[in-house]
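Data first, discussion second: the structure below is written as structure tokens.
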Amino acid sequence: MYDYIKKQDEEVFKALEGEERREESGVEMIPSENYVSRAVREANGSVMTNKYSEGYPGKRYYGGQTFTDQVETLAIERAKKLFNCQFANVQPLSGAPANVAMYFALMEPGDTVLGMDLSHGGHLTHGHPTTSINKVFNFVRYKMKDPDTGEIDYDELAKVAREHRPKIILAGFSAYSRELNYAKMKAIADEIGAYTVADMAHIAGLIAGGAARNPFDDGFDVITTTTHKTLRGPRGGMVLTRESEEIATKINKAVFPGLQGGPHMNAVAAKAVAFGEALTPAFKEYAAQILKNAKAMEAVFAREGVRMLGGGTSNHLILADVFGSLGVTGKEAETVLDEVGITLNKNMIADETRTAMDPSGIRFGTPAMTTRRMKEGEATRLAEIMIETLRHKDDAAKKETLRAEVKVLCEKFPVPETFV
Ligand code: DSN
């Protein structure tokens, strides 16, 4: 790997090598990260990066599109099959632009979106006050009724919807560990004539692998997603439309020329490869194992009396109140776990009393460790190691022993090169 970079640019080569080693020798537990196959990496690093392809297959603004049309069509057709829908736009550069394009496709400036509160698990692009999109559209919120069960307050959601008449009811999250009731949200949206959109960035792979409910099965209009989380593709985004050609046309115009210029065709080719992998039976097993591993970790946290937001997990991630339960802040936990080779992120919890940079919680998940073919036994032990580390955060000898154990585990479960 990296033969040409090695000869040409030693500084970048060293950074790439360092990252390879870091990813291999520690356990990646940030729930939005994963290890992609060599095939996906080859496509992402391919000649397709050389090409400008404004437009869509068969309708481009520049010549020379024989092969770009082929890969984009493959990506579209595979995405439609994976998510059981009629239209797919695979050009969004990532999840944030996918959401921005979706907002502009379905709304006029000043219109309202009803989405999940950031502090209860929602995402920045769902209208956080610090984002640019918040200056263009109006965002109102729903929350959990009880952070210890994770149940959404659907009565309040309906009340806010009737009062504010949003154009879009947005399901989706980046730090929420339970399933949403899409049917209830759809019924409320129908009552007020709103579009239903699900931002499935975190759980797209679970949906594709049949381990989580597909919002399209409850009649949702649109799904936005990234392609690099549980779906295990390249960094990128996508917007799917269930059946309305009118909506799909608006989405296409909003992505290009509305928001973006030339699509990154190397990423589109890599999406096609990743979607091909996700269509295999092995991917179904992968998605199911992500959930089993998360449940195994949940059992340890429950046994050890560490509070989990939502009371546990029904998906790939756990949000734990380490400050409330162990007296360790989220920032301290992130740092000390990194020292033993476990990478995760500090995270705000519902009704947070601390700050965003040093919150009460940590967020971690099982997609990447499951890619390494770790199963419930390893997940259980990793959860134990995490809690032992936090309980002995100032004990250097203990941390050294745990670091050595994590290293052995990583050697036993190397990052696979292929999944098919
Ligand atoms: N940064 C991603 C996550 O970690 O959830 C979402 O954008």
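Here are ALA105, ALA88, ALA101, ALA79: which of them is touching a helix residue (DSSP H, G or I) at 6+ places or on another chain (Cβ under 6 Å), within 16 Å of the ligand (Cβ to nearest atom) and either modelled with pLDDT under 95 or not in a loop (DSSP other than H, G, I, E, B) (or both)?
ALA101 is the lone residue from the list that is touching a helix residue (DSSP H, G or I) at 6+ places or on another chain (Cβ under 6 Å), within 16 Å of the ligand (Cβ to nearest atom) and either modelled with pLDDT under 95 or not in a loop (DSSP other than H, G, I, E, B) (or both).
Out of VAL47, VAL40, VAL71, I need the residue that is in contact with a Pro (Cβ under 8 Å, 6 or more places away or on another chain) and not small (Gly, Ala, Ser). Which one?
Values: VAL47 fails: in contact with a Pro (Cβ under 8 Å, 6 or more places away or on another chain); VAL71 fails: in contact with a Pro (Cβ under 8 Å, 6 or more places away or on another chain).
Going through VAL47, VAL40, VAL71 in turn, just one is in contact with a Pro (Cβ under 8 Å, 6 or more places away or on another chain) and not small (Gly, Ala, Ser): VAL40.
Check every one of the helices (runs of 4 or more DSSP H) wholly within region 360-420 and list those with 1 or more residues that are loosely packed, with under 15 Cβ neighbours inside 10 Å, in contact with a helix residue (DSSP H, G or I) (Cβ under 8 Å, 6 or more places away or on another chain) and among the basic types (Lys, Arg).
Values: elements: 367-371, 376-391, 396-412.
Counting at least 1 such residues, we get 376-391.
I need the helices (runs of 4 or more DSSP H) fully contained in region 181-288, keeping only those with at least 1 residues that are within 16 Å of the ligand (Cβ to nearest atom).
Once the helices (runs of 4 or more DSSP H) in region 181-288 are filtered for at least 1 residues that are within 16 Å of the ligand (Cβ to nearest atom), what remains is 204-208.
Can you tell me which residue in region 48-76 is nearest to the ligand (Cβ to nearest atom), limited to those that are β-branched (Val, Ile, Thr) and either touching a Lys or Arg at 6+ places or on another chain (Cβ under 6 Å) or touching a residue at least 24 places away in the same chain (Cβ under 8 Å) (or both)? Can you show your working first?
Step one: list which residues in region 48-76 are β-branched (Val, Ile, Thr), which gives 49, 66, 68, 71, 73, 76.
Applying the additional criterion that residues be either touching a Lys or Arg at 6+ places or on another chain (Cβ under 6 Å) or touching a residue at least 24 places away in the same chain (Cβ under 8 Å) (or both) yields 49, 68, 71.
On the way: THR49: 23, THR68: 27, VAL71: 25 Å.
Per the criteria, the residue is THR49.
Listed residues GLU191, GLU245; which is surrounded by fewer than 17 Cβ atoms within 10 Å (Cβ to Cβ), of a type outside the set (Gly, Ala, Ser), in contact with a Lys or Arg (Cβ under 9 Å, 6 or more places away or on another chain) and modelled with pLDDT of 95 or more?
On inspection, the qualifying residue turns out to be GLU191.
Determine if region 14-26 includes at least one residue that is within 30 Å of VAL420 (Cβ to Cβ), of a type outside the set (Lys, Arg) and part of a loop (DSSP other than H, G, I, E, B).
Looking for residues that are within 30 Å of VAL420 (Cβ to Cβ), of a type outside the set (Lys, Arg) and part of a loop (DSSP other than H, G, I, E, B), one finds at least one in region 14-26, hence yes.
Could you grab the pairs with beta carbons closer than 9 Å, sequence gap of 6+ or different chains, first residue in region 187-206 and among the basic types (Lys, Arg), second one surrounded by fewer than 24 Cβ atoms within 10 Å (Cβ to Cβ) and at pLDDT 95 or above?
Partner pairs satisfying both residue conditions: none exist.
For region 308-315, state whether one or more residues are surrounded by 24 or more Cβ atoms within 10 Å (Cβ to Cβ) and out of contact with any Ser or Thr (no Cβ under 8 Å at 6 or more places or on another chain).
No: zero hits.
When you check ASP338 against the structure, is it buried (at least 17 other Cβ atoms within 10 Å of the Cβ) and either in contact with a strand residue (DSSP E or B) (Cβ under 8 Å, 6 or more places away or on another chain) or closer than 26 Å to ALA404 by Cβ (or both), yes or no?
no
Does region 29-40 include one or more residues that are acidic (Asp, Glu), more than 16 Å from the ligand (Cβ to nearest atom), modelled with pLDDT of 95 or more and under 30 Å from THR230 (Cβ atoms)?
Scanning region 29-40, I find no residue that is acidic (Asp, Glu), more than 16 Å from the ligand (Cβ to nearest atom), modelled with pLDDT of 95 or more and under 30 Å from THR230 (Cβ atoms), so the answer is no.
The values are calculated or read from the model by the stated rules, or taken from the named source; none is laboratory data. Keep in mind that this is a model prediction, so the values were computed, not measured. Don't worry about glycine lacking a Cβ; one is built from the backbone with ideal geometry, like all the others, and counts go over all protein chains shown.
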